[in-house]
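The values are calculated or read from the model by the stated rules, or taken from the named source; none is laboratory data. Quantities reported herein were computed from a predicted structural model and do not represent experimental measurements. So basically every Cβ, Gly included, is an ideal-geometry build from the backbone, and we count neighbours across all protein chains shown.
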Amino acid sequence: MTKAIVGRWGSSLAVRLPTEFAAALDLREGERIEMETEADQIIIRRAKLRLTLDEMFASKSADEWRTLYADAVVDWGPDVGHEIVEE
């Protein structure tokens, strides 16, 4: 078991991750992590990847997406407000 000392970083407390921990997880400076507490434990894990809209849809062209969902039927419910829906 590796031990560390809690230090201060501005008004927050901080713990440095040993090099071997970072290397084992291929963790890089600036990478986002998630933390939570459970009983008397601190759980740290790599944050789930968040993509921009451009990144999410980059795998296909606009025409490919339209073709893929051309037959999709979506019930959005009744019109509300002042929108104009052309079908």
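From the list V73, V6, V15, exactly one residue is among the hydrophobic types (A, V, I, L, M, F, W, C) and touching a strand residue (DSSP E or B) at 6+ places or on another chain (Cβ under 7 Å). Which is it? Steps first, answer last, please.
Working: V73 fails: touching a strand residue (DSSP E or B) at 6+ places or on another chain (Cβ under 7 Å); V15 fails: touching a strand residue (DSSP E or B) at 6+ places or on another chain (Cβ under 7 Å).
None of the other options fit; the residue is V6.
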Checklist entry - Does A22 qualify as being in a loop (DSSP other than H, G, I, E, B) and of a type in the set (G, A, S)? => result no
Next on the checklist: Just to be sure I understand the filter: pairs with C-beta atoms under 8 Å, separated by 6 or more residues or on different chains, first member in the stretch 42-53 and among the small types (G, A, S), second member surrounded by 10 or more Cβ atoms within 10 Å (Cβ to Cβ) and modelled with pLDDT of 85 or more. Which pairs pass?
Outcome noted: A47/E31; A47/I33; A47/E34
Next on the checklist: Quick check on this structure: which one of R45, R16 is within 16 Å of the chain's Cα centre (by Cα) and either outside any helix (DSSP H, G or I) or surrounded by 10 or more Cβ atoms within 10 Å (Cβ to Cβ) (or both)?
Outcome noted: R45
Next on the checklist: Quick check on the stretch 27-40. Is at least one of its residues hydroxyl-bearing (S, T, Y) and either surrounded by 10 or more Cβ atoms within 10 Å (Cβ to Cβ) or not in a strand (DSSP E or B) (or both)?
Outcome noted: no
